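Colleague: Before I ask anything, let me first share the structure, which is written out below as structure tokens.
FYI, it's all coordinate maths here, none of it is from the lab. What you see is a predicted model, and the numbers here were worked out from it, not measured in a lab. For neighbour counting, all protein chains shown are included, and Cβ atoms are generated from backbone atoms with ideal geometry for every residue, glycine included.
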Amino acid sequence: MLNGNDSRTKSVGQRQVFTDSINVTHDYVVVECYNNASQVISRSFLTFIRKKPNLESELKAKYEAHVELHAPKETLSVMMLGIDAMSKNNFQRAMPKTRNFLLETMKAVELHKHNKFGHNTFPNVVGLLTGNSEKWLAKQGYSRHLPIDRVNDAFLWSAYRKAGYRTGMFLDRTYISAFHYGKVGWTQPPVDYYIREVVIDSEKDKLMRKDVNCIGDVPDIRLLTDYWVQLASLFNNSKTEPYFTYSFSARLTHDDENRASAADELYFQFLQTLVDKKVLNNTVLVFFSDHGPRFGAIRLTLNGMLEGRMPLMFLVFPPWFHTKYPQLMEVVKTNQHRLTTHTDVYETLIDLLYFKAEAGKGSLTQPRISLFKEIPEGRTCQHALIPLEYCVCNGFVKPNISAKFTEFLGLNLVYRVNGYLTGKLRDLCSTLTLNNVTNVMEVKGVDSGSTTYQVTVTTAPNSAIYEGVLRVRENNKVKAISDVTRLNLYRGEAECIDHPTLRQFCYCKT
């Protein structure tokens, strides 16, 4: 079980030797196998979903109150399944079997113009799970130095739990997680079924962690998907026992999106199991990613830049939902060709919680629009509050500028990079210098009173690659109008500081 916070565990049971079977009294157990010399030769990390009588009684009362107060026309469970750093195009390349099953068998709706909301995982999942930005969450009391418990009510799982839904979460990394990287995490489980102990314990197991993506011969993804099959099978009646689950897998694809192909068969088998068990007759599945690739050779190309901004996003509705609500599904299918972002999916899931089965039209004045409302064709990134540096709507052209002006842009971008670190952080990190300007693109359709450039540079002494957007007025007055992002890994260079967003700008002096 978790011990005071979600970074430590402690044993609550005694070891019992058995050769055939044993009564299991906990939701999570570790089974060890021994050889004739009484040496441990393998361990299995097993989880069990059980109904909790006190919890069921509490949720039953909340669900009845929710139905009486809001009278939703349907109650559907929600399963959110996330894969880190997976663009819609790479999903098509690396996981064709899973993608084809989603589209052909499950009749999924793919959002073709889905644009990410922020730089890395955290701002994107904040948009997806709260409908707002990281700055908004900070105003609610969030700080990376404090437990996330204080703002847990801002997240979707809390809204669903208040309505009587069972809630679950599975994050497959202890350290590189949106809620733990450079952050405190939770002191209490944020959901009813929080499978974190097995992740913590298995990561420490040198015997079974010969491969970073497997526990012995069991892929981490299999552990994740088996857990959801258990939960969805146990609570397979959304009219009496609805659930909301959120999971995010970063282990396989965080550093290299090309490794996704290794998971194609596993995810396909999982989806096939959901169909065979008829789980999705009561469930809406959201199959998503936070963003596309942020690092590596592909990110330095124009296609890679676009892929980095366009994560995969699929929504699967039960087969009967298509038949019963054809007008609603027609609007959803129209919206799959409109500009969308993570906050729109959040709004859709809020609509689903209070489902009124009412199609309609969204407005350009709405920063987030439910997919059950038609999104205007003229929507732009500015309407959806998508930062300029992540927007795919603006055109890019190669500008006709001199070498001297190119260097001028590069120096200004490096000045911006150095400006991120102040005070004690500046003392710990080297001041960077311009090594080379590797690319300049003019961004069209931004501001008629100036010229906007997207600039990519390399710096010394850290050999970093940075990209940012600069606005230049006629008097050559320059203003950085975006956050600067790093396009190559910095692991091992910034260990002297722990700030999750500023580490990319640091090259430690010692």
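Colleague: So what's the angle, to the nearest 10 degrees on a 0 to 90 scale, between helix 121-130 and the longest Cα principal axis of the chain?
Modeller: 60
Colleague: Search the structure for amide H atoms under 5 Å from the amide H of Tyr193, placed 1.01 Å from N in the peptide plane, and list their residues when 5 or more places away or on another chain.
Modeller: Thr167, Gly168, Met169
Colleague: What percent does the relative contact order of region 226-319 come to when contacts are Cα pairs within less than 8 Å and at least six residues apart? Don't jump to the answer; show the numbers that get you there.
Modeller: Values: 74 pairs, mean separation 24.9, N = 94.
Reported as a whole number, the value is 26 percent.
Colleague: Of Lys183/Lys424; Lys73/Lys333; Lys373/Lys398, which ones are farther than 29 Å apart at the Cα? Don't skip to the answer; put the middle values down first.
Modeller: Numbers: Lys183/Lys424 19 Å; Lys73/Lys333 21 Å; Lys373/Lys398 38 Å.
In this structure, Lys373/Lys398 exceed 29 Å between Cα atoms.
Colleague: Here's something else I'd like to know. Counting helices only, and only those DSSP H runs with n ≥ 4, report the 222 nm mean residue ellipticity of the chain as the sum of -39,500 (n - 2.57) divided by its residues, in deg cm²/dmol to the nearest 500. Numbers along the way, then the final one.
Modeller: Working: 15 runs with 148 residues, N = 510.
For the chain, the value works out to -8500 deg cm²/dmol.
Colleague: Please state the relative contact order of region 127-192 as a whole percent: Cα pairs under 8 Å, 6+ residues apart? Let's see the in-between values first.
Modeller: Details: 57 pairs, mean separation 24.7, N = 66.
This gives 37 percent for region 127-192.
Colleague: If one computes the Cα centroid of region 51-126 and of region 239-262, what distance in Å separates the two points?
Modeller: Spelled out, the Cα-based centre of one part sits 11 Å from the other.
Colleague: Right, something else. Which of the lysines could a cross-linker span from Lys97 if the Cα-Cα distance has to be under 16 Å and same-chain partners fewer than 8 positions apart are dropped?
Modeller: Lys88, Lys107
Colleague: Please report the net charge: other residues with Cβ closer than 14 Å to the Cβ of Arg299, K and R +1, D and E -1.
Modeller: Numbers: positive: Lys116, Arg294, Arg309, Arg486; negative: Asp255, Asp256, Glu257, Glu307, Glu389, Glu467.
Charge balance near Arg299 sits at -2.
Colleague: Here is a further query. So how tilted is helix 53-70 from the main axis of the chain? Cα-based, degrees 0 to 90, rounded to 10.
Modeller: Tilt relative to the chain: about 60 degrees.
Colleague: Under the rule that a partner needs its Cβ under 4.7 Å from the first Cβ, which Cys of the chain have none?
Modeller: That list is Cys33, Cys214, Cys393.
Colleague: Mind checking which lysines have their Cα closer than 16 Å to the Cα of Lys477? Skip sequence neighbours fewer than 8 apart in that chain.
Modeller: Here the lysines satisfying the reach criterion relative to Lys477 are Lys404.
Colleague: For Lys60, list the lysines whose Cα falls under 17 Å from its own Cα; do not include residues on the same chain fewer than 8 positions away.
Modeller: Excluding near neighbours in sequence, the set is Lys51, Lys52, Lys162, Lys239.
Colleague: Taking 8 Å as the Cα distance limit and 6 or more residues as the minimum spacing, I'd like the relative contact order of the chain as a percentage.
Modeller: Values: 940 pairs, mean separation 91.3, N = 510.
It rounds to 18 percent for the chain.
Colleague: Hey, of (1) 31.9; (2) 25.1; (3) 26.4, which did the structure itself give for mean projected area of the Cα convex hull in nm² when calculated?
Modeller: Computed from these coordinates, mean projected area of the Cα convex hull in nm² corresponds to label (3).
Colleague: So, by mean Cβ neighbours within 10 angstrom, what's the order for 333-344, 364-375, 55-66 with the highest one leading? Mind dumping the intermediate values first?
Modeller: Values: 333-344: 22.0, 364-375: 20.1, 55-66: 14.8.
Output ranking for 333-344, 364-375, 55-66: 333-344, 364-375, 55-66.
Colleague: Another question about this same structure. If packing is taken as the mean number of other Cβ atoms within 10 Å per residue, what is the order of 427-433, 25-31, highest first? Write down the numbers at each step before the final one.
Modeller: Numbers: 427-433: 16.3, 25-31: 14.7.
Top to bottom by mean Cβ count within 10 Å: 427-433, 25-31.
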